[in-house]
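One structure is given below, encoded as structure tokens.
The values are calculated or read from the model by the stated rules, or taken from the named source; none is laboratory data. Owing to the predicted nature of the structure, the values given are computational and were not obtained by experimental measurement. Here the Cβ is made from the backbone with ideal geometry for all residues, glycine too, and neighbour counts use every protein chain on show. These accessible areas exclude ligands, DNA and RNA; they are computed on the full protein's heavy atoms, side chains included. Shrake-Rupley method; radii C 1.70, N 1.55, O 1.52, S 1.80 Å.
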Amino acid sequence: DDASTDETAALLRSYGRTIRVVTHETNQGFSQSCNDGAATARGDLLVFLNNDTEPRPQWLDTMVDYRREHPEAGIVGSRLLYPDGTIQHAGITVGQDLNLRHLYVGLPADFPAALHSRRRMAVTGACFLLERRLFERLGGFDTGYLNSFEDVDLCMRVAELGLESHYCANSVVVHHESVTRKGRGRQDRQNA
């Protein structure tokens, strides 16, 4: 709970002991919040999942199975859809203008190229999975980034270790992109 001002605290309390909650009194940002959550988690695999997402059935099992079948994949990311059913993310690439781009944005969810899992330059931190050991080896997310590009940075550091970022097409999550924050243009330019 990164200093939420809504009913988040009450919702989290309602889960009782089935979850462990990290609470920040002031907003620490995506990187620090994820790093703190990872430090509190107990599993061998870490999943980073934004609070503005709706996972579809079998999304997590699919990612875990994909990772097991592709040991070269240091990070595995999901296919993200907008609420209207169009694609929000099917991997990240660099355009000719040197800007980062989510692939197939706005195309139908069943666009043929988006239905094939594969290696990508990067995947979005809105939903991805990696081994705790790898995350710790990398020192977590770089807190110098302010709510954008820290996921791409992590994927690039994974590549420096000889591992890959993979897009798992069969793991589907609806993403209400940036619904909890507004006005990020200046931040994105600084982070880029």
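Data overview
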| item | result |
| --- | --- |
| Output for region 53-79, where each listed residue is under 28 Å from Asp6 (Cβ atoms) and either touching an Asp or Glu at 6+ places or on another chain (Cβ under 7 Å) or of a type in the set (Ser, Thr, Tyr) (or both) | Thr53, Ser78 |
| Of all residues making up region 20-41, the number that are assigned to a loop (DSSP other than H, G, I, E, B), open to solvent by 60 Å² or more (accessible area, probe 1.4 Å) and either in contact (Cβ under 8 Å) with a residue 60 or more places away in the chain or not acidic (Asp, Glu) (or both) | 6 |
| Extreme residue, farthest from Met63 (Cα to Cα), among residues of region 120-154 that are open to solvent by 10 Å² or more (accessible area, probe 1.4 Å) and in a strand (DSSP E or B) | Arg120 |
| Members of region 92-110 found to be polar (S, T, N, Q) and more than 17 Å from His166 (Cα to Cα), listed by number | Gln96, Asn99 |
| Filtered residue count, region 51-71, keeping only those that are outside any helix (DSSP H, G or I) and among the acidic types (Asp, Glu) | 2 |
| Residue in region 42-52 that is farthest from Phe128 (Cα to Cα), counting only those that are at pLDDT 95 or above and open to solvent by less than 50 Å² (accessible area, probe 1.4 Å) | Leu46 |
| Candidates Asp61, Asp52, filtered to the one that is touching a residue at least 60 places away in the same chain (Cβ under 8 Å) and on the phi < 0 side of the Ramachandran plot | Asp52 |
